[in-house]
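K.L.:
Just passing along the structure, written as structure tokens.
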Amino acid sequence: MLTPYLPYPLLSGGQIRTYNLLKNLAKKHDIVLFSFIRNENENRYKEKLLKFCKRVETFKRRPAWSLLNILLAGLTPFPFLVSIYYSRRLQKAILGELQNNKYHLIHSETFYVMPNIPKTSVPVLLVEQTIEFLVYQHFVETVFLPFRLLLSLDVAKIKFWEKFYWKKAKKVVAMSEGDKVVMEDQVHHLDVDIVPNGVDTEDFFHVTREKSKNPIILFVGNFKWLQNKEAVSILVTKIWPEVIQKLPQARLWIVGRFPTPEIKNYENKTIKVFGNVDDIKNVYKKADILLAPIYGPGGTRYKILEAMASGIPVVTTNRGIEGLRAIDGTHALVRDDSQSLADATVELITDKSLYDTLAKNGKKLISENYDWKKISLKLDELYENVSKSHT
């Protein structure tokens, strides 16, 4: 398995996903993990992964804005995203590994690490956690025109190579039905399977809710991710004033790693910002509603899965709920404009019957569709099918 990050500690969606898949797949498969790291200190987490992997090898990633990355992106066909993860040392290590050992399958998490895989007869299963060119395209639309033209060229390169590696892989896996449709539309005759993100239900189902005097509305997200920064801006400037007008006793908690100075400045008597939380379950214990005004593309949202698993009703957008089997009014309240999102939040706080219904149905939805054990069985099935083509 080849990943652009070490799958521990569990600080990002990608880390949570890979860690839980490794934990469940290790019961049946011998896995050697090759991962990029940002600094050498991360090597101390290897022992956490050796419980599930035969071996864990790490490779130091260049800083994003290194001169070499800029030159590669400017002078080669590769986009900036691929340049960051292009490593001669990793290429040699993978080549040696394939020459010296018998492998049935290479599992690549994300397309942008695939240029490091040498020519081989071993089939590659590519998992796309999100469709990267859509994510960056959405970002480009938010910048000034001169930069937009320059960045649009890089997005075009991302799109070219993303599609190139979809075609090159023996099997492609998406997170959601929406991503699958886009991928199959971009590359005709591409056969895409879905292995969604999930939740450790044994962990989150046992969150003991604590009733608070004031309703607590929650937003959760890693603020290195553009969609989360955008969502919080909309939440604070457009939605929250409408909520607080009707529910003056309500409080907004913004929780997530790497909050920007702008996000920290949102704090006031009704809004609190928490940058680092040791255990997100302690936040879910106290929260009443998860409010996620997500408008950017990409994958399935852990914040929504975890909130539902914890028995917290969700208010979000069509984009935010995309990829989940959730029905508006049954599992969540789905609205797209700021006023409707505010109204739905107020409605949930004031309508106990609706609140209890969504909490119960959300938990059931997770149990039936998004438990990591069940999801791992689907990936195991794909492993078997793909590896048969090599034996």
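The values are calculated or read from the model by the stated rules, or taken from the named source; none is laboratory data. Everything quoted here is computed from the prediction, not taken from an experiment. Because the Cβ atoms are built from the backbone with ideal geometry, glycine has one as well, and the counts that use them run over all protein chains shown.
K.L.:
Every residue in segment 1-49 that is under 13 Å from SER108 (Cα atoms), in a loop (DSSP other than H, G, I, E, B) and either touching a Cys at 6+ places or on another chain (Cβ under 7 Å) or among the small types (Gly, Ala, Ser) (or both), please.
P.N.:
ILE31
K.L.:
Restricting the search to segment 298-343, which residues are within 21 Å of GLU230 (Cβ to Cβ), outside any strand (DSSP E or B) and touching a Gly at 6+ places or on another chain (Cβ under 8 Å)?
P.N.:
GLY299, THR300, ARG301, TYR302, LYS303, ILE304, LEU305, ALA307, ARG319, GLU322, GLY323 - these are the residues of segment 298-343 that are within 21 Å of GLU230 (Cβ to Cβ), outside any strand (DSSP E or B) and touching a Gly at 6+ places or on another chain (Cβ under 8 Å).
K.L.:
So how many residues does segment 302-322 have that are in contact with a Ser or Thr (Cβ under 8 Å, 6 or more places away or on another chain) and either surrounded by 23 or more Cβ atoms within 10 Å (Cβ to Cβ) or at pLDDT 95 or above (or both)? Let's see the steps before the verdict.
P.N.:
Narrowing segment 302-322 to residues in contact with a Ser or Thr (Cβ under 8 Å, 6 or more places away or on another chain): 304, 309, 315, 322.
Checking which are either surrounded by 23 or more Cβ atoms within 10 Å (Cβ to Cβ) or at pLDDT 95 or above (or both) leaves us with 304, 309, 315.
Residues flagged as in contact with a Ser or Thr (Cβ under 8 Å, 6 or more places away or on another chain) and either surrounded by 23 or more Cβ atoms within 10 Å (Cβ to Cβ) or at pLDDT 95 or above (or both) within segment 302-322 amount to 3.
K.L.:
Right, next: With respect to ARG61, determine if the residue is basic (Lys, Arg), in contact (Cβ under 8 Å) with a residue 12 or more places away in the chain and crowded, with 18+ Cβ neighbours inside 10 Å.
P.N.:
It is true that ARG61 is basic (Lys, Arg), in contact (Cβ under 8 Å) with a residue 12 or more places away in the chain and crowded, with 18+ Cβ neighbours inside 10 Å.
K.L.:
What are the pairs, 6+ residues apart or on separate chains, where a residue within segment 277-293 that is farther than 15 Å from LEU305 by Cβ has its Cβ under 6 Å from a residue that is surrounded by fewer than 16 Cβ atoms within 10 Å (Cβ to Cβ) and modelled with pLDDT of 95 or more?
P.N.:
Filtered contacts from segment 277-293: no entries.
K.L.:
In segment 24-59, what count of residues is obtained for those that are under 19 Å from the mean Cα position of the chain (by Cα) and within 25 Å of VAL220 (Cα to Cα)?
P.N.:
Qualifying residue count, segment 24-59: 2.
K.L.:
Just one of GLU210, GLU230 is touching a residue at least 40 places away in the same chain (Cβ under 8 Å), more than 17 Å from VAL346 (Cβ to Cβ) and in contact with a helix residue (DSSP H, G or I) (Cβ under 8 Å, 6 or more places away or on another chain); which is it? Steps first, answer last, please.
P.N.:
On the way: GLU230 fails: in contact with a helix residue (DSSP H, G or I) (Cβ under 8 Å, 6 or more places away or on another chain).
GLU210 is the lone residue from the list that is touching a residue at least 40 places away in the same chain (Cβ under 8 Å), more than 17 Å from VAL346 (Cβ to Cβ) and in contact with a helix residue (DSSP H, G or I) (Cβ under 8 Å, 6 or more places away or on another chain).
K.L.:
Could you grab me the full set of residues in segment 1-15 that are of a type in the set (A, V, I, L, M), within 15 Å of the chain's Cα centre (by Cα) and either buried (at least 22 other Cβ atoms within 10 Å of the Cβ) or closer than 22 Å to PRO123 by Cβ (or both)?
P.N.:
At the first step, the residues of segment 1-15 found to be of a type in the set (A, V, I, L, M) are 1-2, 6, 10-11.
Pick out the ones that are also within 15 Å of the chain's Cα centre (by Cα) and you get 6, 10-11.
The answer is LEU6, and nothing else.
K.L.:
Further question: When segment 69-80 is examined, which residues are found to be in a loop (DSSP other than H, G, I, E, B) and free of Cβ contacts under 8 Å to residues at least 60 places away in the same chain? I'd like the intermediate steps shown before the answer.
P.N.:
Taking segment 69-80 as the starting set, the residues that turn out to be in a loop (DSSP other than H, G, I, E, B) are 76-79.
Within segment 69-80, just THR76 meets the criteria.
K.L.:
Does segment 351-365 contain any residue that is part of a helix (DSSP H, G or I), closer than 30 Å to ILE106 by Cβ and either modelled with pLDDT under 95 or not polar (S, T, N, Q) (or both)?
P.N.:
From segment 351-365, those part of a helix (DSSP H, G or I) are 352-365; that's our starting set.
Cutting the leftovers down to closer than 30 Å to ILE106 by Cβ gives us none.
No, that holds for no residue.
K.L.:
Do the conditions hold for ALA332, that is, is it among the small types (Gly, Ala, Ser), touching a helix residue (DSSP H, G or I) at 6+ places or on another chain (Cβ under 7 Å) and surrounded by 16 or more Cβ atoms within 10 Å (Cβ to Cβ)? Show your work before the answer.
P.N.:
Working: among the small types (Gly, Ala, Ser): yes; touching a helix residue (DSSP H, G or I) at 6+ places or on another chain (Cβ under 7 Å): yes; surrounded by 16 or more Cβ atoms within 10 Å (Cβ to Cβ): yes.
Against the criterion (among the small types (Gly, Ala, Ser), touching a helix residue (DSSP H, G or I) at 6+ places or on another chain (Cβ under 7 Å) and surrounded by 16 or more Cβ atoms within 10 Å (Cβ to Cβ)), ALA332 qualifies.
K.L.:
Which residues, counting only those in segment 2-22, are out of contact with any strand residue (DSSP E or B) (no Cβ under 9 Å at 6 or more places or on another chain), free of Cβ contacts under 8 Å to residues at least 40 places away in the same chain and more than 15 Å from PHE258 (Cβ to Cβ)?
P.N.:
LEU10, TYR19 - these are the residues of segment 2-22 that are out of contact with any strand residue (DSSP E or B) (no Cβ under 9 Å at 6 or more places or on another chain), free of Cβ contacts under 8 Å to residues at least 40 places away in the same chain and more than 15 Å from PHE258 (Cβ to Cβ).
K.L.:
Tell me which of these GLY74 doesn't satisfy, since it passes every other one: (1) surrounded by fewer than 20 Cβ atoms within 10 Å (Cβ to Cβ); (2) farther than 20 Å from SER389 by Cα; (3) under 23 Å from the mean Cα position of the chain (by Cα).
P.N.:
Failing condition for GLY74: (3).
K.L.:
Further, regarding this structure: Just the residues that are in contact with a Ser or Thr (Cβ under 7 Å, 6 or more places away or on another chain) and part of a helix (DSSP H, G or I), please, taken from segment 366-391.
P.N.:
ILE366, SER367 - these are the residues of segment 366-391 that are in contact with a Ser or Thr (Cβ under 7 Å, 6 or more places away or on another chain) and part of a helix (DSSP H, G or I).
K.L.:
Still on this structure, I have one more. Scanning for something at pLDDT below 90, under 17 Å from the mean Cα position of the chain (by Cα) and under 28 Å from ILE37 (Cβ atoms), does segment 139-162 turn up at least one residue?
P.N.:
yes
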